[in-house]
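Asks: Take a look at this one; I'll ask things after.
The values are calculated or read from the model by the stated rules, or taken from the named source; none is laboratory data. It should be emphasised that the depicted structure is a prediction, and the values quoted were computed from it without experimental measurement. Cβ atoms come from the backbone with ideal geometry, glycine included; neighbour counts cover every protein chain shown. Calculation scope for accessible area: heavy atoms of the full protein, side chains included, ligands and nucleic acids excluded. Shrake-Rupley method; radii C 1.70, N 1.55, O 1.52, S 1.80 Å.
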Amino acid sequence: MLSTEGSESNLPYLILLDEANLSPIEYYWSEFMRMADRDDGESCINIGEDNDIYIPETLRFVTTINNDQTTEPLSPRLLDRAWVIKLPEIELDYSEKPNYNEVFTDIITWDEIVNAFVKPEKPEIKLENVLSQVYKAFSDRGLVVSPRIQKSIRMYVIVAQSLMEDDINQNVKGYEKAIDYAILQKLLPKINGTNFTKLFSSMKNICNENHLYLTLNAIETMESQPEYESMGYCQYLG
């Protein structure tokens, strides 16, 4: 249907891939990852002979992954192109019944999403020098922050800094919170291995000076992992 609609598609479409890393995502997702390198929002995927599927700008993919002995790690190529949201552990309350009257039913068009989350102007990012310090800390450890990632983070922060509210209790500004989430979702997933002592030390100084408490907490959590204390090994997605 989306291929038929083409550029006339005016509603957002999400395709959910559950437990996407049961096999290496690179094996079956390479063509879609190639599309992530395009900026024009249009692309086609060939599925054999003369059969091309048109992929409109309105289509997005969301995946869920697990990290255990049955799954595959995320490749650097994938991490370059994806935002990773680590969900917190929760305690389920089985006595609480869902209120289906509160289900969101409004229809949102693609144009409304673009107007809300894609700014036509390119304002300056407050604390952009902080991002430069973060990139250097990662690069010094050998975790290169590619131009693609830097561009992606810049676009994220430009939009998010005006949408996130200040946290008066912790003295955190909206733009600081935006940078904090960008580091969590785009850079920390790169951490998987050993020899992170210098990186963690540099990052903790940056976090303390700029109220990046989410990143600080994530680093301290990794430092408390038994494998880190005994062998120096840690991973963010664990």
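Asks: Which of the residues that make up the stretch 120-151 are over 14 Å from Asp80 (Cβ atoms) and either open to solvent by 60 Å² or more (accessible area, probe 1.4 Å) or in contact with a His (Cβ under 8 Å, 6 or more places away or on another chain) (or both)?
Replies: Pro120, Glu121, Lys122, Glu124, Lys126, Glu128, Asn129, Ser132, Gln133, Lys136, Asp140, Arg141
Asks: Here is a list: Arg77, Arg60. Which entry is in contact with a strand residue (DSSP E or B) (Cβ under 9 Å, 6 or more places away or on another chain) and either more than 16 Å from Lys186 (Cα to Cα) or surrounded by 10 or more Cβ atoms within 10 Å (Cβ to Cβ) (or both)?
Replies: Of Arg77, Arg60, the one residue that is in contact with a strand residue (DSSP E or B) (Cβ under 9 Å, 6 or more places away or on another chain) and either more than 16 Å from Lys186 (Cα to Cα) or surrounded by 10 or more Cβ atoms within 10 Å (Cβ to Cβ) (or both) is Arg60.
Asks: Sticking with this structure for a sec: For the stretch 101-110, how many residues are in contact (Cβ under 8 Å) with a residue 12 or more places away in the chain and either touching a strand residue (DSSP E or B) at 6+ places or on another chain (Cβ under 8 Å) or open to solvent by less than 100 Å² (accessible area, probe 1.4 Å) (or both)?
Replies: Of the residues in that region, 3 qualify.
Asks: Give me the pairs: first residue in the stretch 45-62 and part of a loop (DSSP other than H, G, I, E, B), second residue hydrophobic (A, V, I, L, M, F, W, C), beta-carbon distance under 8 Å, and six or more apart or on different chains, which are they?
Replies: Ile47/Ile53; Pro56/Leu2; Glu57/Trp110; Thr58/Leu2; Thr58/Leu11; Thr58/Trp110
Asks: Only one of (1) modelled with pLDDT of 90 or more; (2) within 22 Å of Asn205 (Cβ to Cβ) fails for Gly174. Which number is that?
Replies: The single condition Gly174 does not satisfy is (2).
Asks: Restricting attention to the stretch 186-225, and to residues there that are of a type in the set (Lys, Arg) and open to solvent by 10 Å² or more (accessible area, probe 1.4 Å), which single residue is nearest to Asn67 (Cα to Cα)?
Replies: Here the residue is Lys190.
Asks: Here's another thing I want to ask about it. Would you call Arg154 more than 19 Å from the chain's Cα centre (by Cα), open to solvent by less than 100 Å² (accessible area, probe 1.4 Å) and basic (Lys, Arg)? Let's see the steps before the verdict.
Replies: Numbers: more than 19 Å from the chain's Cα centre (by Cα): no; open to solvent by less than 100 Å² (accessible area, probe 1.4 Å): yes; basic (Lys, Arg): yes.
Against the criterion (more than 19 Å from the chain's Cα centre (by Cα), open to solvent by less than 100 Å² (accessible area, probe 1.4 Å) and basic (Lys, Arg)), Arg154 does not qualify.
Asks: All but one of (1) in contact (Cβ under 8 Å) with a residue 24 or more places away in the chain; (2) assigned to a loop (DSSP other than H, G, I, E, B) hold for Pro98; state the number of the condition that does not hold.
Replies: (1)
Asks: Exactly one of (1) out of contact with any Lys or Arg (no Cβ under 9 Å at 6 or more places or on another chain); (2) in contact (Cβ under 8 Å) with a residue 24 or more places away in the chain; (3) part of a helix (DSSP H, G or I); (4) within 24 Å of Leu184 (Cα to Cα) is unmet by Val114. Its number?
Replies: With respect to (1) out of contact with any Lys or Arg (no Cβ under 9 Å at 6 or more places or on another chain); (2) in contact (Cβ under 8 Å) with a residue 24 or more places away in the chain; (3) part of a helix (DSSP H, G or I); (4) within 24 Å of Leu184 (Cα to Cα), Val114 is out only on (2).
Asks: Just give me the residues in the stretch 63-74 being in a loop (DSSP other than H, G, I, E, B), surrounded by 14 or more Cβ atoms within 10 Å (Cβ to Cβ) and not acidic (Asp, Glu), in sequence order.
Replies: Ile65, Asn67, Thr71, Pro73, Leu74
Asks: Also: Please name all residue pairs, on different chains or six or more residues apart, with Cβ atoms under 9 Å, provided the first residue is in the stretch 12-33 and is touching a residue at least 24 places away in the same chain (Cβ under 8 Å) and the second residue is open to solvent by less than 80 Å² (accessible area, probe 1.4 Å) and of a type in the set (Lys, Arg).
Replies: Qualifying pairs under 9 Å: Met33/Arg81.
Asks: Can you tell me which residues in the stretch 226-238 are hydrophobic (A, V, I, L, M, F, W, C) and within 21 Å of Asn66 (Cα to Cα)? Please lay out each step first, then the result.
Replies: As a first pass, look at the stretch 226-238 and keep what is hydrophobic (A, V, I, L, M, F, W, C): 231, 234, 237.
Result: Cys234, Leu237.
Asks: Now a separate question. Hey, can you tell me all the residues within the stretch 166-209 that are under 19 Å from Ser146 (Cβ atoms) and assigned to a helix (DSSP H, G or I)?
Replies: Residues satisfying the conditions are Ile179, Ala182, Ile183, Leu184, Gln185, Lys186, Leu187, Leu188, Pro189, Lys190, Leu199, Met203.
Asks: Now for a different question. Taking into account only those residues within the stretch 2-17 that are more than 23 Å from the chain's Cα centre (by Cα), farther than 14 Å from Cys44 by Cα and open to solvent by 50 Å² or more (accessible area, probe 1.4 Å), which is modelled with the highest pLDDT?
Replies: Across the stretch 2-17, the extreme among qualifying residues is Asn10.
Asks: Can you tell me which condition Asn210 does not meet? The list is (1) touching a strand residue (DSSP E or B) at 6+ places or on another chain (Cβ under 9 Å); (2) closer than 14 Å to Val130 by Cα, and all the others hold.
Replies: (1) is the only condition that Asn210 fails.
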